[in-house]
Structures are given as structure tokens and as C-alpha cells.
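One structure is given here, and the rest of the page talks about it.
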There are 4 protein chains.
Amino acid sequence: MLGASWRMSPVRTLFPVRPMSKAVPSEHILTVAEIEKLLEEVFPQLHHGGRTVMVEEVGPMSARLRLIAHERHLRPGGTVSGPAMFTLADVGIWVAIFSHLGPEALDAVTMNLNINFLRKPPHGDVLVECRLLKLGKRLAVGQATLFSQGAAEPVAHAVGTYSIPASRK
Amino acid sequence: MLGASWRMSPVRTLFPVRPMSKAVPSEHILTVAEIEKLLEEVFPQLHHGGRTVMVEEVGPMSARLRLIAHERHLRPGGTVSGPAMFTLADVGIWVAIFSHLGPEALDAVTMNLNINFLRKPPHGDVLVECRLLKLGKRLAVGQATLFSQGAAEPVAHAVGTYSIPASRK
Amino acid sequence: MLGASWRMSPVRTLFPVRPMSKAVPSEHILTVAEIEKLLEEVFPQLHHGGRTVMVEEVGPMSARLRLIAHERHLRPGGTVSGPAMFTLADVGIWVAIFSHLGPEALDAVTMNLNINFLRKPPHGDVLVECRLLKLGKRLAVGQATLFSQGAAEPVAHAVGTYSIPASRK
Amino acid sequence: MLGASWRMSPVRTLFPVRPMSKAVPSEHILTVAEIEKLLEEVFPQLHHGGRTVMVEEVGPMSARLRLIAHERHLRPGGTVSGPAMFTLADVGIWVAIFSHLGPEALDAVTMNLNINFLRKPPHGDVLVECRLLKLGKRLAVGQATLFSQGAAEPVAHAVGTYSIPASRK
């Protein structure tokens, strides 16, 4: 279920007056619990050294995740590192994709990722709000906007293209 | 004044619950008429062979432009060409930048532009909705989402970085 | 046949000591004359208003093209425009792809293009040296380095991803 | 001194017949030992959990580094992870920059990085060959091509833009 905080999320309101894609009815989107279970099965490294990435909410063509700031993501001065932000954006878009297409899309692989670092993030959690721009059977494109907890302006922005292998069935 | 169509625009509602940047009060943003006048002065090539790009609206950290489809932007099959979409995205972000910073930012130059072509656009006008992600004194980053007139899903998406030369004053 | 100027080209020597991909023996690469003939058939717009793009040479995983500077590619100050450089990079990588895969790859479409503008090009021709980084059956990735005639340092650099539709046969 | 392996490197021969930029005479480029010492001082995290990135050689406008494959960089199936390749490309270009500009350029920060993943890398070390495309006082752009040890075709390719803060002196 999507709570009140989701209703106020920028992701959901990105294209508010446009009809949503009919491709994926929202009742077919994986729940946060289903996603977290899949992540633990196929991608235990994500939580290597302590749980660091949490899926907060998913909705039509979108997902929001949180990076819990640990010492190993930090650079001198306490700022979250570029690779940690890259990983958060990449994982976020990938989660948005397979939450819509189902577990067979867990094999989706990043083909291209373009990231802009906009501001030095302060110490603290980083949120990523992902939005799918295209969700085809073999190809998906999504964007990810990263914010420091509580801040109005994004710290980074990424766009990624993913290839979805044909089902092994 | 921003009319009804603007209120329904996805650009304006991209970050609805976050406080807007204080850097540029909306009363200091150039109007559409001021922008069009500047474009005619400094960039007459844009209208070479007939007026093709129209600024529709500007608002805090955002701008919307329209590409009026002419024969010379088309590819076989009647689709708008990649270079025409590149130009629209690039001009759109540049307009968003100088409409906030004033005429001295007309010298802003594109350093990097990353564009994803998502769907083949049908024949017809293409709209671009631009949003500034960062607006510094020397550097700005913006994104551009392109739609075919009347369509729900974007045909292309771009992110660009612009260098703003120091004022000559 | 590749002449002396080609032997001195940076493109050919990009990976000089690595064995070339076996995928496309050089005797199967289209010749410049074959490429030019195909371009005139499928993409006459390229020469709209006078011949502007010339294919100079093709070789294993590479191609070199020239943009003949016309007034309509220029910006105030006599510099070649960003969209003209975008087009040159895009056409160059596309030519490299279909010259290796044959006419059925003329349908290849640009999915993503990332371009960095490095220096203001002086008035004059612009050369593009393209190199394929991946040449699969359905997907190709190439880079394009743009130089002003006679200059040592590149004016722009682009990387593009192309989707190659399945043969209609 | 550059050894035999360097002479055979594709990086050095990228623009073999073009005059090199006069901006940085090679006698002013930091040596590998100087670079490694600086890295240990300012970026000890790079070696967190065991030494993983080695600078192999630097030359005019170029650098080559090696990622020593450790378990924590791997994905299921033994392949090097995307974030590990992103980090290698990013560090490689940054090393190329400050080895030319000196220790005051250690503060250079990544503004934009675009990465294409081309092939699944096998288990084993990954080499990155970096080449600077532009080396200004405030801005640098470089590309990074990543290879698996012993393989002819690249596993990934990246282009990055870096901002170099004004000297604090």
C-alpha cells in the first residue's frame, strides 16, 4: 500500500495530467516486501557489511530507495562518494524495472549510465527517486534523481539504459 | 502570468512539495516576450527558413518550448529527425538558463549533452519541457523531456551541462 | 583501398597491438563508393542544400567522414554549430556500423548519444574519426572524435549506442 | 621511465601523428611513485580492505591503471561489478588529470560521467587506459577504455568531465 508520504512524492507527480502507460497495471507491480525478498536472494552483496539500500516505495513507472550512509560510502569531509551514488541510481532504476516486469527481469543489465554530480552531499542518508521513461520488453530507460535527506535540491541525477534478456522459459 | 495549461504541466509539478530554490525570485525571470526578442537578436539562425521554435512558457527553474514541424526536420516516414530533437533540447535548456540569469548568460555554452531517443515521434509538433537541476553562477545543468503533441509518453530525454562565461562587465 | 593518409590516421592505430575482432573480415566492409551510393538513396536530406558530409575512408571497426563547412552550419563568429557536430558524430558512427554489417543495417537507429564539446571550432571543415567499440547483431556502440582541419586537439567527442532491427527477410 | 609494455599500449598511440599539446611537457608529469604516494595520503579508502587499484604507467595526456579483482568487486557468476568499473574509470581519469597538473589538482571533482558497459568481463583483473581530451585550468575531459586482462575488445568505455577548483594559494 502506498502511504501519505508517497502521495506527496515528486516522482509520482512527474507527469500528473498525462495518462499513465497502460502496459503495467499497478496491481501487477511487485510490492516492497516482494522486491526486498528478491534482492536478498539474487543480490546479497548489496547488503554486504550491513544493510545499506532500502526500497521505500514503488508506484506506476517509479520507485524510491534510500541509501543509509555508512562509513564506507564516505569521502574525506563526510560526503557520500561518487561510486556510492552511482550504485544507488543504478540499483534504483533496476528495481523500478523488475518491479514492473516481474522476477524474470532481474537479469536486466545496465548498458549505459550517464550521471551528473550537482552538489556535494552532506553527511547523511541519500534518497533516490526513479522514473521509467520507457519500459519495453527488451529495453528500458529510466532516470534517477538523488537528494540528501531533507534537502530541496538534488545532489545528483542519472539516466540509464537497460537491456532485458529474453525470458529463459 | 502563467495560464491554465501551465498549471497542468508536468514540469511545474516535478518537485511540488519541495521548497523552490531561493536563488531566482520569479519576478526576475524573463518573460516569453523578452526571451523571444533576445532570441531574434542573438540567434536569428533558429528561425532560418521560417519560424520553427517557439518559447511557450517559463517558470521557476523551468521552460517549455515547441518545435513546429517543418519538412526539413523530417526523416523518411515523416518522423522528426534526431538532430532536430537534439537542437530542441539544447535550445530549451539554454533558454531556461538565460531566462533566469538574464541577458549576460546568453553566452552560456553547451559542454555536455546526453540524449536518449525513446520512441519514434509521429509527424507533428514536438514539445520540450525543461527543468534546471543546478543553476550556479558559472555552471548550470538541466534536463529536457520531449513529447509529441498530445502523447503521454516522452519521445526523447536529454540532460545537458552548460558553462556560463564570467560577465564581461 | 586505403591510402597513405589513412595509415597515418589515429583511428586505425587506436588499438594497434590488439588482434582485431574476427567478426567482420575487411574484405566484407563496404567501400566508400558503395556507402556514398547508399547514403544518396536512403538519406538524401544529408545533402539537402548542397553536399555537406563526405565519407573519406573506412577500415576495420572505423570510419572517417568530413563535414564541409557551409554557411548554414555556422554560428555567429563563424564557428560550426553544436547540432552540426552532433549530426556529424551520429552519421559517422552509423556509417561505420552499416559499412560493416551491410545494407540491412541501414535501419540502425540511435538510442543514446553523449557528446562533449571541448573547444570552439574555427571556421572550416570538421573531420570525424569513428571507432566501433562493440558490433553485435542487435546492438552497436561507437565513439566519434571530431577535429578541425589541421588541428591537433579534438573539438568534440561523442559516444553513441545504436539498435539494429532484426532483418526483415 | 616508460617501459616496453607502454610502448605497445593503445593509449599512447591514439593520436600518433598529431603534435602533442604543448601545455604539459612530459618532464613535469608526476611519476607513478609520486602518484601512488599522493593516493595513499589523500584517498586511503581506495585501498580499504586490501590494495585494489594500481597505477601502472602515465604518459603525455594518458594513464593506465589496473583493478586487481577482489571478491568484493564481483557479481554472481564471477564478473566484475558495474560500480567497480565505474570507480576504476573515474579514478583513472582523475589520476591522469592531477599527474599532469600537480598535487593542487587533487581537488578535481567529477561533474559528469557517462559509461557504456560493452561486454560481461570475465573474472580477473581489469585494465583501464585513460586519455585526456581536454586539459584546461578549470576543466578537464577524459575518456577511459576498460579491458579484461589479455582480451582484445573493451568491456566498458567511459567519458568524464572534471572541475578543477581554483588553487587555494
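The values are calculated or read from the model by the stated rules, or taken from the named source; none is laboratory data. Note that the structure is predicted; figures quoted are calculated from it, not measured. Heads up, the Cβs are rebuilt from the backbone with ideal geometry, glycines too, and the neighbour counts pull from every protein chain shown. Heavy atoms of the whole protein, side chains included, go into the accessibility calculation; ligands, DNA and RNA do not. Shrake-Rupley method; radii C 1.70, N 1.55, O 1.52, S 1.80 Å.
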Per residue of A:119-132, how many C-beta atoms from partner chains lie within 10 Å of its own C-beta, taken as a mean? 1
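Is there a pair in B:120/C:37; C:120/D:137; C:37/C:137 whose C-alpha atoms are over 18 Å apart, and which pairs would that be?
Details: B:120/C:37 26 Å; C:120/D:137 16 Å; C:37/C:137 23 Å.
Among B:120/C:37; C:120/D:137; C:37/C:137, the Cα-Cα distance tops 18 Å for B:120/C:37; C:37/C:137.
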Note down the accessible area of residue B:31, probe 1.4 Å, to the nearest 10 Å². 70 Å²
Under 5 Å, built H, 5+ apart or other chain: amide partners of residue C:133: C:141, C:142, C:143
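How high is the relative contact order of the stretch A:113-165? Use alpha-carbon pairs under 8 Å, at least six apart in sequence, and give a whole percent.
Numbers: 107 pairs, mean separation 21.9, N = 53.
Once normalised by length, the contact order is 41 percent.
Which value, in Å to one decimal place, does the Kirkwood hydrodynamic radius take for the stretch C:24-163 when every pair of different Cα atoms is included?
Numbers: mean 1/r = 0.0667 Å⁻¹.
Averaging 1/r across every pair of different Cα atoms and inverting gives 15.0 Å.
Give me a single rounded figure for D:149-155: the average over its residues of other chain Cβ atoms within 10 Å of their Cβ. Before the final figure, lay out each step's value.
Values: counts 0, 1, 2, 7, 10, 5, 2.
So the per-residue partner count for this stretch is 4.
Inside 10 Å of the C-beta atoms of B:31-41, what's the mean count of C-beta atoms belonging to other chains?
Shielding by partners across B:31-41 averages 0.
With contacts defined as alpha carbon pairs under 8 Å and 6 or more residues apart, what's the relative contact order of the stretch A:26-163 in percent?
On the way: 276 pairs, mean separation 32.6, N = 138.
Over the stretch A:26-163, the number comes to 24 percent.
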Can you tell me the length gained on complete extension of the stretch residue C:123 to residue C:56, counting 0.36 nm per residue apart and subtracting the Cα distance? 22.1 nm
For a quick check of understanding: with a 1.4 angstrom probe and all protein chains in place, what accessible area in square angstrom does residue A:64 have, to the nearest ten? 20 Å²
If you stretched the chain out fully between residue D:81 and residue D:40, how much longer would it get, using 0.36 nm times the residue separation minus the C-alpha to C-alpha distance? 12.4 nm
Per residue of the stretch D:146-162, in order, report the coupling 6.51 cos²θ - 1.76 cosθ + 1.60 (Karplus, θ = phi - 60°) as ³J(HN,Hα) in whole Hz, putting x for Gly and Pro. 10, 10, 6, 3, x, 9, 8, 9, x, 8, 7, 9, 9, 10, x, 10, 10
Amide H of residue D:69: which non-local residues (sequence gap of 5 or more, or other chain) have their own amide H closer than 5 Å, using H built in the peptide plane? D:125, D:126
Other-copy label distances relative to residue A:42, 7 angstrom Cα-Cβ extension, nm: 3.5, 4.0, 4.8
List the distances, in nm to one decimal, from the label point of residue B:54 to the label points of the same position in every other copy, shortest first, placing each label point 7 Å from Cα along the Cα-to-Cβ direction. 4.2, 4.9, 6.4
Note the distances from residue B:104 to each other copy's matching label point, with points 7 Å along the Cα-to-beta-carbon direction, in nm, sorted shortest first. 2.6, 6.0, 6.0
Along the stretch A:110-117, what does the Karplus equation 6.51 cos²θ - 1.76 cosθ + 1.60 (θ = phi - 60°) give for ³J(HN,Hα), rounded to whole Hz, x for Gly and Pro? 5, 9, 9, 9, 10, 10, 10, 8
